[in-house]
Structures are given as structure tokens and as C-alpha cells.
1. Just for the stretch 42-56: of the residues that are of a type outside the set (F, W, Y) and touching a helix residue (DSSP H, G or I) at 6+ places or on another chain (Cβ under 7 Å), which one is surrounded by the fewest Cβ atoms within 10 Å (Cβ to Cβ)?
2. Taking the stretch 62-78, which residues are open to solvent by 80 Å² or more (accessible area, probe 1.4 Å), in a helix (DSSP H, G or I) and of a type outside the set (A, V, I, L, M, F, W, C)?
3. Would you please name the residue that is modelled with the lowest pLDDT, looking only at residues in the stretch 1-18 that are of a type in the set (A, V, I, L, M) and either part of a helix (DSSP H, G or I) or open to solvent by less than 100 Å² (accessible area, probe 1.4 Å) (or both)?
4. Of the residues I21, I59, which single one is among the β-branched types (V, I, T), at pLDDT 95 or above and surrounded by 10 or more Cβ atoms within 10 Å (Cβ to Cβ)?
5. Anything in the stretch 45-74 that is acidic (D, E) and under 29 Å from the mean Cα position of the chain (by Cα)? List them, or say none.
Amino acid sequence: MSGWGYAGMGIAMLIFWVLVIGGIAVAVKFALSDRDTTPRYESPSPQELLAQRFARGEIDENEYTNRLAALRASGARQ
């Protein structure tokens, strides 16, 4: 094998290891970033809970309006 054969083999080996290490780095980055994008659960607001109870029929319209007015007067989060 001539000098160019050894040089080509060295360059090919270098390219191979760069691709292997780069592939591992991309796979690790993808695996770690996938965990960070999990959706966070937010609890419903008091008004939403009250509306759900009214929709299920647990409370009547009069009680719903009274409680909603009380929530709004107390400044509960929207």
C-alpha cells in the first residue's frame, strides 16, 4: 500500500469515529430533551370546578350563581 492508502485509511477512520461519537451525542441529547417536554398538569380554577359540578347536576342554578358571585367577590383566580 502506498502513502496515499495509509492517508485514506486514516481519514476514513477519523470520519468513522466522528460519526459514531456524533451519533451518540445526538441520541443522548434527544433522549434527555424528550423528558423535559412532558406536559405539566394544572389544577382547575375554582370557577371551573364550580362549573363542572353544575354541569354534573351536583348543584342547582341558584346555588351555582350564589357561589360564583361569592368567588368573584373574594377575588379568586380566574
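The values are calculated or read from the model by the stated rules, or taken from the named source; none is laboratory data. Values in this document were obtained by computation on a predicted structure and should not be read as measured data. Reconstructed Cβ throughout: ideal geometry from the backbone, glycine too, with neighbour counts over all protein chains shown. To get the accessible areas, we keep the full protein, side chains included, count just its heavy atoms, and leave off ligands, DNA and RNA. Shrake-Rupley method; radii C 1.70, N 1.55, O 1.52, S 1.80 Å.
1. Restricting attention to the stretch 42-56, the residues satisfying the condition of being of a type outside the set (F, W, Y) are 42-53, 55-56.
Among the residues that remain, those that are also touching a helix residue (DSSP H, G or I) at 6+ places or on another chain (Cβ under 7 Å) are: 46-47, 50.
Numbers: P46: 17, Q47: 15, L50: 21.
Residue satisfying both the conditions and the ranking: Q47.
2. First pass over the stretch 62-78, keeping only residues open to solvent by 80 Å² or more (accessible area, probe 1.4 Å): 62, 66-67, 72-74, 77-78.
Restricting the remaining residues to those that are in a helix (DSSP H, G or I) gives 62, 66-67, 72-74.
Scanning the stretch 62-78 gives N62, N66, R67, R72, S74.
3. We begin by selecting, within the stretch 1-18, every residue of a type in the set (A, V, I, L, M); these are 1, 7, 9, 11-15, 18.
Retained after the next criterion (residues that are either part of a helix (DSSP H, G or I) or open to solvent by less than 100 Å² (accessible area, probe 1.4 Å) (or both)): 7, 9, 11-15, 18.
Working: A7: 87, M9: 91, I11: 93, A12: 95, M13: 96, L14: 96, I15: 97, V18: 97.
The selected residue is A7.
4. Working: I59 fails: at pLDDT 95 or above.
Sole residue among the options that is among the β-branched types (V, I, T), at pLDDT 95 or above and surrounded by 10 or more Cβ atoms within 10 Å (Cβ to Cβ): I21.
5. E48
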